[in-house]
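Colleague: The structure's right below; bear with me while I get my questions together.
The values are calculated or read from the model by the stated rules, or taken from the named source; none is laboratory data. The model shown is predicted, which means the values in this text are computed figures rather than measured ones. Please note: Cβ atoms are built from the backbone with ideal geometry, for glycine as well, and neighbour counts cover all protein chains shown.
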Amino acid sequence: MQIFNRALTGTLAAISLTLASSAYAVDITGAGATFPYPIYAKWADAYNVKTGTKLNYQSIGSGGGIKQIQNKTVDFGASDKPLKPEELDKSGLIQFPTVVGGVVPVINIPGVGNGELRLSGEVLANIFLKKITKWNDAAIKALNPNLALPDAAITVVHRSDGSGTTFVFANYLSKVSKEWNDKVGADTSVSWPAGIGGKGNEGVASYAQRIKYSIGYVEYAYAKQNGLPYVTMQNREGEFVKPSIDSFQAAAQYADWEHASGFYEILTNEPGKTTWPIAGATFILMHKNQDKPANAKEVVKFFDWGYNNGGQMAKSLDYVPMPASVISLIEAHWKNNLKGKDGAAIWQ
């Protein structure tokens with residue numbers, strides 16, 4: 001399988017890509033989620049022969065993306081945490097999904113490879129709650145009777161920035177652990193009971209790669225790029241499932257985009273025997289009323305190209321592309337809601 005081939009380091013990643021030159025190019029800017037960074041970069045690379053637009057995307061985390069679009073410092077924000085309809089209305093925003101992917105727990109236990117360690121949602125929550133502190137804890141051994149687990153302290157690695165990946169992960173833990181829901185909850189930033197923080201999916205991947213006996217959580221492409229062993233998770237049906245585009249697709253099929261107000265959908269802990277339980281869509285945020293309609297048009301042109309030409313690229317990075325029926329809903333949403341100062345539709 002083709003893997004995203006850019007080096008992802010522990011520092012914040014950014015796309016700053018000058019596409020095909022043009023005297024009439026309109027520069028566009030975006031900021032936010034690190035979860036979709038690999039596919040946005042890949043789309044932008046492929047798009048360079050199609051337009052003279054310069055695209056600058058700062059991969060700073062969903063919390064930063066939400067703040068920047070609310071403050072109108074970028075043309076679009078990106079967030080893995082969907083905003084509720086009332087939040088969108090308050091800020092004068094629309095949102096739309098781009099791809100679905102999976103958040104995966106990753107480990108650094110010498111001698112334990114991809115998918116060899118099995119965890120349940122409850123055990124995973126108890127590790128992050130600091131109730132389970134050793135890899136050979138009885139609860140972990142019960143799920144892994146044939147695995148030699150070390151008598152070593154667990155180091156938890158989590159996000160230090162406002163993160164939609166954190167929201168997806170914490171939302172899942174809130175659904176499978178009452179104690180997590182009561183004590184920690186789910187948001188882009190939470191009060192972590194334990195661990196060390198890294199900035200972005202890149203930062204967590206970097207820490208998890210370097211620290212022995214650690215566990216963290218990242219978007220799947222980052223786990224693969226960094227060679228981090230992932231965990232096999234027990235899903236809602238009691239089945240043990242590995243992360244893959246097929247198990248993400250199994251979760252994605254439960255999204256009812258047509259009836260989701262403001263495209264608000266959360267895909268954690270969905271039913272189905274083959275479903276990966278920590279799945280989620282990632283979203284783009286834009287202002288309904290555009291001060292810079294030319295910029296807004298370039299943004300939607302880019303994502304429209306990604307939807308209609310970038311599906312295979314998304315699959316190569318184990319994201320689930322939006323089906324044609326959802327793309328049609330999104331394009332209609334652009335046409336009906338994105339307006340210039342004169343009230344004219346941005347997208348025809």
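Colleague: Would segment 59-67 turn up any residue that is outside any loop (DSSP other than H, G, I, E, B) and either of a type in the set (Val, Ile, Thr) or under 30 Å from PRO150 (Cα atoms) (or both)?
Modeller: Step one: list which residues in segment 59-67 are outside any loop (DSSP other than H, G, I, E, B), which gives 59, 62-67.
Subset that is either of a type in the set (Val, Ile, Thr) or under 30 Å from PRO150 (Cα atoms) (or both): 66.
Yes, segment 59-67 has at least one match.
Colleague: Also, I was wondering about something else. Of the residues ILE109, ILE60, which is among the β-branched types (Val, Ile, Thr) and within 20 Å of ASN201 (Cβ to Cβ)?
Modeller: Values: ILE109 fails: within 20 Å of ASN201 (Cβ to Cβ).
Selected residue: ILE60, the only one of ILE109, ILE60 that is among the β-branched types (Val, Ile, Thr) and within 20 Å of ASN201 (Cβ to Cβ).
Colleague: OK, next. If you go through segment 300-348, how many residues are of a type in the set (A, V, I, L, M), within 17 Å of the chain's Cα centre (by Cα) and not in a helix (DSSP H, G or I)?
Modeller: Quick first cut of segment 300-348, residues of a type in the set (A, V, I, L, M) only: 300, 313-314, 317, 320, 322, 324, 326-327, 329-330, 332, 338, 344-346.
Those left that are additionally within 17 Å of the chain's Cα centre (by Cα): 313-314, 317, 320, 322.
Subset that is not in a helix (DSSP H, G or I): 317, 320, 322.
Total meeting the criteria: 3.
Colleague: Regarding GLN58, is this residue in contact with a strand residue (DSSP E or B) (Cβ under 7 Å, 6 or more places away or on another chain), outside the structural domain of ASP151 (by TED's automatic domain parsing) and touching a residue at least 40 places away in the same chain (Cβ under 8 Å)?
Modeller: Numbers: in contact with a strand residue (DSSP E or B) (Cβ under 7 Å, 6 or more places away or on another chain): yes; outside the structural domain of ASP151 (by TED's automatic domain parsing): yes; touching a residue at least 40 places away in the same chain (Cβ under 8 Å): yes.
Yes.
Colleague: Does at least one position in segment 260-278 carry a residue that is under 30 Å from THR51 (Cα atoms), surrounded by fewer than 24 Cβ atoms within 10 Å (Cβ to Cβ) and not assigned by TED's automatic domain parsing to the domain that holds ALA152? Give the derivation first.
Modeller: Narrowing segment 260-278 to residues under 30 Å from THR51 (Cα atoms): 262-263.
In the following step, the residues that additionally are surrounded by fewer than 24 Cβ atoms within 10 Å (Cβ to Cβ) were identified as 262-263.
Next cut, not assigned by TED's automatic domain parsing to the domain that holds ALA152 only: 262-263.
Yes; the residues of segment 260-278 include at least one that is under 30 Å from THR51 (Cα atoms), surrounded by fewer than 24 Cβ atoms within 10 Å (Cβ to Cβ) and not assigned by TED's automatic domain parsing to the domain that holds ALA152.
Residue-wise test of (1) closer than 21 Å to TRP334 by Cα; (2) small (Gly, Ala, Ser); (3) surrounded by fewer than 22 Cβ atoms within 10 Å (Cβ to Cβ).
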site	(1), (2), (3)
TYR47	yes, no, yes
GLN58	no, no, yes
ALA78	yes, yes, no
PRO82	yes, no, no
PRO85	yes, no, yes
VAL99	yes, no, no
PRO110	no, no, yes
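Colleague: Now for a separate question. Among (1) touching a residue at least 60 places away in the same chain (Cβ under 8 Å); (2) touching a Phe, Trp or Tyr at 6+ places or on another chain (Cβ under 7 Å); (3) surrounded by 14 or more Cβ atoms within 10 Å (Cβ to Cβ), which single condition is HIS158 missing?
Modeller: Among (1) touching a residue at least 60 places away in the same chain (Cβ under 8 Å); (2) touching a Phe, Trp or Tyr at 6+ places or on another chain (Cβ under 7 Å); (3) surrounded by 14 or more Cβ atoms within 10 Å (Cβ to Cβ), the lone unmet condition for HIS158 is (1).
Colleague: Further, regarding this structure: Would you check which residues across segment 224-276 are touching a Ser or Thr at 6+ places or on another chain (Cβ under 6 Å), over 21 Å from PRO38 (Cβ atoms) and outside any loop (DSSP other than H, G, I, E, B) and list them?
Modeller: Within segment 224-276, GLN234, PHE240, VAL241, ALA250 meet the criteria.
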